[in-house]
Structure formats: C-alpha cells, structure tokens
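As structure tokens, the structure follows; a few thoughts come after it.
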Amino acid sequence: MRKATSVIMGVAGASAIGASWAAGLTPKHDTVSGVTLSAPPAAGRSTDASTGRRPARGPASSPQAHERPGAKASSAVPRSRTVDGGVAHTQYGDVQVSITVVGSRITDVTPLHLTDSSRHSVRISAQAAPVLRSEALHRQSAQIDMVSGATYTSDAYRQSLQSAIDAAHLP
Amino acid sequence: MISCVSNTMTSQRPAHPGTSERVRRALGRGVAFRRRRQRLADLLEALALATLLAVVAQFLVNGGSHDLLTGAAGDRLTAVGRLTGLVAMDLLLVQLVLAARVPWVDRVYGLDRALKAHRVLGRVTVPLVLVHVGTIVVGAAVGDGRTGPGGALRELLAMVTGGDDLLMAAIATLLLVVIAVTSVQIARRRLGYEAWHVVHLTAYAAVVLSVPHELSLGSDFTASPWTRAYWWSLWLLVAGSVLLWRVALPVVRSARHGLRVDRVVEESDGVWSVVMRGRHLDRLDVRAGQFFNWRFVTPGLLLSAHPWSLSAAPDGRSLRITVRGLGDHSAAVRHLKPGTFVLAEGPYGAFTTRARVRRHVLLIAAGIGVTPVRALLEELVREGHALPGDVHVLYRADAPDQLPLHGELERLADLAGHRLQTLVGPPEVGSLLPAGAGGDGSDASRLARLVPGLAGHEVYLCGPPAWMSLVHRAVQRAGVPRTHIHDERFGW
C-alpha cells in the first residue's frame, strides 16, 4: 500500500472505530421509548363492554388503559383494565409487555413483543418470559430478579413493565 | 522508478538514448504496468481492511463497546467472543480469496505471496476462533451461574447438544484446528504435501459449517437488514470467486486446450523435460516465468497437482516443463507416455517481465531453478526486448554435470550477444557463490565484480529458498532497490 493510501485508510479506520466505540457506549437498550409514543393508540383496542361505545377519556381510562371486553361495569366488581408498557429496545430486539390490572392489583402480564434478533434470542426470551411473569405477579412490581442467561430480555422486560405500571397509576 | 516514469511517459525524447524502439516500448509497458499494479494493490488492500473495519464498527455500534467496558463479567466475555468470532470470520473469507487464484491478486502479488499472506493470516485466524469459542462458553457459563472448569465443560456440552447449529460450528472448529496443526511446518514435513493438501481442502467445509450458527445465534450478523445484506454479499462473493477461478476456469481451460504429453526428454542426470501440445495454445494468456499446477491423467500423478514452471517461453503451439526427479511424483514424470492427458491449473505467478522498467537484466538461477530463467531469457531474446549485452545470466550449480538446460542458455545468449556465466562448486556456508568466484569480500562485492553495473539491473532470481535469501540480501546490499528484485518463493 502506498503511503498516501495507508494514511487515508488509517485516519478513516481510526475515526470509524472511534465513532462506533463512542456510539456503542450508550446502547439503545438503555432507553425506553415514551409510553405515549410507543404504545398503540387506545382507539384501536379500547371499547366499553357495557355500552359498546368508547369510554370517556379520564384518569381511569388513559390512552393506554382500557376496559376489558366482558368486564362488568359494577361498583362491586372492580373493573379489569389492560395497560400497554413502552417499547424497550435491546440489541437483540424490542421488548414490550402489557399488564392486566383489576383495581390496583396486577392480575396478568402479557408480552406483546420479545427479543427476536435470532432463533436463539427467541428461545431465550421464550424461556425467560414465564419466569419474569410469575415474578412480576408475585412481587406486584417491576422490582423483579433477572433471569440468568437472559440479561437483556429481563432488563428490557422490567423497563416496559415499569412504564406500564406508571401508566396505570398503580401505587 | 520515478525517473523512469518521467523519462518514458512524459518526455518526447527517448527513454534511454541508444535503445531500440522495441526495448523502449517494452520498458514503457513496464512503467504503465507498475502504475496499474500499484493502484490495484492499494484497492485490494483497502477493500480487505474496509471489511474488517466494517465488521468491528458494526459490533461496537451494536453495544459492543458498552458490553466490553461496563457489562457484567459474563457479558464482557461474551462480547470478546462475539468480536473475535466476527473478526475470525472476516479473516477466513480474506484467506479464501487469497487462495482462490483470483487473477488480479495473482497479477499484483503473485500466487506465492498471496499464499504466504494466507498462511500468515491463518496463524491469526485459528487462535482467534479458539478464543471465540472459549470466551463464549465461559461467558455463558458465568451468566448461567456455572463456575469452574466443570461448569464450562457442562456449558459447552449443553451448547453443542442444544441445537442452534452449534454442533456444526464445533465440527468447523475441529477442522480448523486440524488444518492448523497439519500446516505447522514440522507437521507438514512429516505428513507430505498430498495428505496436507487433502486436509487443507476441508477448510471450505469448515467455513460453510460455521455459517449457520452465525445466522441463528449471531445477532451481530443479523442486527439489521444492512448487516444481513453485507454478510450475504461477502459470502456469495467469496464463494463465487472460489467456484469461478479455483474450479470452473481450470476445468474449462483444460477442456478447451486438451493438453497431451507430446514427448519426454532427458536433459541431464535425473532431469526430464515434458513437452505438451494442445489446441488454441496461442490464445492462452501465459508468459515466460509463469507456472501451472500440473496433473497428468495417469495412475500416481492424477491426484496431486504439482507447481512446475515453464522451462521454455510459450510459443503458442506447445508448453514445456523441466523437472528434477526428487519426489516420488517428480520421478514418475519420466515414465509418462506420449498422448497422456494433462490437466493444468494456471498460468499463475508474477515472476514475469511485465514489471521490468530497467534496460539491464540480471537473471540468476541455481539448480533446477533455472527453468523459469531459461524461459525469461528466451522471451527477451525472441521478442528483441533487450539490446546485445544487456542481459547477464548467472547459473549456480554444485557440480559441472548438474547444469540442465545449460546448452540452451548458451545458444540463446550467443544468439543475442548476452553474457552467460556458470558458478560451479560445492555449496559454501553463508554464501551464494562457489569458493573463488568474484574474488574476495562479501557476496555483494563479489557479485558486483561479476556483474558490472549491478545496481542498475532488473534482477530475476530462482533457486532453493535458502540460496534465494542469500541472493536477495547480496543484491540489495549491492544497491538494487527491492522493487527491482523479482523472485518466486514456494515453501514446498
């Protein structure tokens, strides 16, 4: 290689590596997209079972929260709501969960999307999801233990779960 | 080199006053060839480097630097494993290209240097693969809470048997290790070229077997449609190069030219020439100084290809090689029957006059290394590319009866008024010359006495590797710049 070419390649290479090193230091999986941005519009999913009309916008039915079809609108039986969490990005794919809330209690966590960058990621997240779900139901919060071997999935799951809990205004 | 460029290309006056038009044009073509070759070399090296940079940059952007710097222990190890795996894959592909007989690579570096780069890269690639496997396994073991050597072993077992194409990857790793072990010099001497070559060809299987786990597990290969497209195009490009130039072209050429043995002639004690004829040989782009990998369709010679140089300048009707009966196969050449079919891969090699930019030429050969030198001299004489007296031939041998093709060299030198000198005598330790030749002093000064104006020559040398190193050093000390020293080195 001639000197000029080596110098050009050296400078270009060093700056490319330097830039990607800096870019990689703050990976995408550290951030959760805002709940209101990433969650599907409430209009698509929320219906009021008892009236068949869309529920009035209010604190109890935020854009992400909606009543589950079939839930009885009665004062004796607390209403069941489903709240979608935000999308947490990881290098192995996106993670998003939705929670089902009855009163102030989380009764179910459903994954809407799990890490899926490869067949291996799919398998890892499929193994981790039930563990994370039962942890979340048991603790009734996002303060759940990581599943070993599924660090990224667990981390993103907690973040999405936390954002769903926040959106549902749970204590 | 620079002065030659300005003389031959930009000025109206003749490059070398007193040189004939034919010589001037030949030297001008040399200048143009060197410029093209330099550009192509830069391009090829920049491309190879760019693939490596792209792979590393992609890994870092994808969170690699974060994992390496701040991740948990398991994540850090896994990150090291990912990086080494990516780099190893890229280097393996570069290695395949280097060995794929790509015409541009051969033209720029010569097959010998391309294969040397291939070997050097191999010494990096295989250890990288082992580091990749080790860190991935231990990283996963740490992540899963399995500690100690037993934990790593259990993790390895779980991975290999757990699907995900890791069994194939494990086989690929084993193949690469076997290839590396057989390629270590000592092992190769014990093993013999043919067995080594068969083992080495499994490298293709190793690369193919390693691809599935990259796609199913390696998120770095599938992180985005761009990376996916990048890797697929690399794989297809390399596979295409191998199939086209390593497989298809030799088959097509052999079928087209239909080479057959015409006659076998004894040149001197134990040295035999094979003359071959075929169709359309005038349309084969081959130069004096090049070689083919030869296979003769006869028991014992079909399965292994041998790199033998042409010992006569190609004349468009026949090709000739000259072989000394050293190995079993070389000895078997003498029994070839006329009419035997010949499969030839080639021509290969950059040991030609294409890059010659100097009027004066020194051809220096030892032993059977005379064969390409003999072809080069014939080309210079026949094409009128050198003025009388401008070519100096030195021919080194241990004994007077070990000078095959000497008569031919003599006739060619006489015909064009060139100088031919034999250097006969038993080998001297640390010297390329026999005792007494060129007087006293270092090899460089003795050689300069034998060849007046040595520093201004274009030098072509061929002989045993150790002897060539001595010549290289002496000629450089005598003032010949590296770019004007041409040789070809084969380790086997």
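Computed quantities for the displayed model
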read-out	value
Shielding score for B:43-54, defined as the mean number of other chain Cβ atoms within 10 Å	3
By accessible area with a 1.4 Å probe, ligands and nucleic acids excluded, highest first: order of A:157, A:152, B:109	B:109, A:152, A:157
Percent carbon-and-sulfur accessible area, chain B, ignoring ligands, DNA and RNA, probe 1.4 Å	64
Per-pair calculated FRET efficiency, R0 = 35 Å: residue B:204 and residue B:410 via Cβ, rounded to 0.05	0.15
Distant alpha-carbon pairs in the stretch B:138-230 (separation over 21 angstrom), percent	51
Where B:252, B:102 fall by accessible area, highest first, once all protein chains stay in place (1.4 Å)	B:252, B:102
R0 of 30 Å, Cβ-Cβ distance residue B:449-residue B:20: FRET efficiency to nearest 0.05	0.55
Residues of the stretch A:141-171 buried by at least 10 Å² on assembly (accessible area, 1.4 Å probe, chain alone as reference)	A:148, A:149, A:151, A:152
Residue-averaged beta-carbon neighbours from other chains (10 angstrom radius) around A:6-16	3
Length released on extending from residue B:440 to residue B:237, taking residue separation times 0.36 nm less the Cα-Cα span	67.5 nm
Number of partner chain Cβ atoms within 10 Å, mean per residue of B:272-279	0
Estimated FRET transfer efficiency when R0 is 25 angstrom, pair residue B:398-residue B:190 (beta carbons, to 0.05)	0.40
Label point 7 Å beyond Cα of residue A:140 along Cβ direction - residues of the stretch A:95-128 with amide nitrogen under 17 Å	A:99-109
Nearest-10 value in Å² for the accessible area of residue B:337, using the 1.4 Å probe	130
Residue A:94 long-range amide H proximity, modeled H, under 5 Å	A:116
Counting DSSP beta bridges with both ends in the stretch B:353-491, the antiparallel % (nearest 5)	5
Chain B, relative contact order in percent, only Cα pairs under 8 angstrom and at least six apart counted	13
Of A:150, B:162, B:57, farthest towards positive along the dipole that unit charges on Lys, Arg, Asp, Glu beta carbons give the protein assembly as shown	B:57
1.4 Å probe, heavy atoms, protein only - residues of the stretch B:58-81 losing at least 10 Å² accessible area vs chain alone	B:60, B:61, B:62, B:63, B:65, B:66, B:67, B:68, B:69, B:75
Surface accessible to a 1.4 Å probe, residue B:193 within the full protein complex, Å²	60
In Å², nearest 10: area of residue B:21 left accessible to a 1.4 Å probe	90
Kyte-Doolittle mean at least -0.5, axial Cα span of 30 Å or more - DSSP H helices of chain B	B:21-59, B:73-98, B:111-143, B:193-216
Solvent-accessible area buried by pairing B with A, both sides, nearest 100 square angstrom, 1.4 angstrom probe	2500
Hull shadow area, averaged, the stretch B:228-298 [alpha-carbon convex hull, nm²]	7.4
Rounded to 5, the percent of DSSP beta bridges in chain B classed as antiparallel	55
Accessible heavy-atom area order of B:374, B:283, highest first, probe of 1.4 Å	B:283, B:374
Probe 1.4 Å, accessible area per residue of the stretch B:193-268, Å²	50
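The values are calculated or read from the model by the stated rules, or taken from the named source; none is laboratory data. Just so it is clear, the structure is predicted and the values come from calculations on it, not from any experiment. Quick reminder, even Gly has a Cβ in these numbers, built from the backbone with ideal geometry, and neighbours come from all protein chains shown. Note: areas computed on protein heavy atoms with side chains; ligands, DNA, RNA excluded. Shrake-Rupley method; radii C 1.70, N 1.55, O 1.52, S 1.80 Å.
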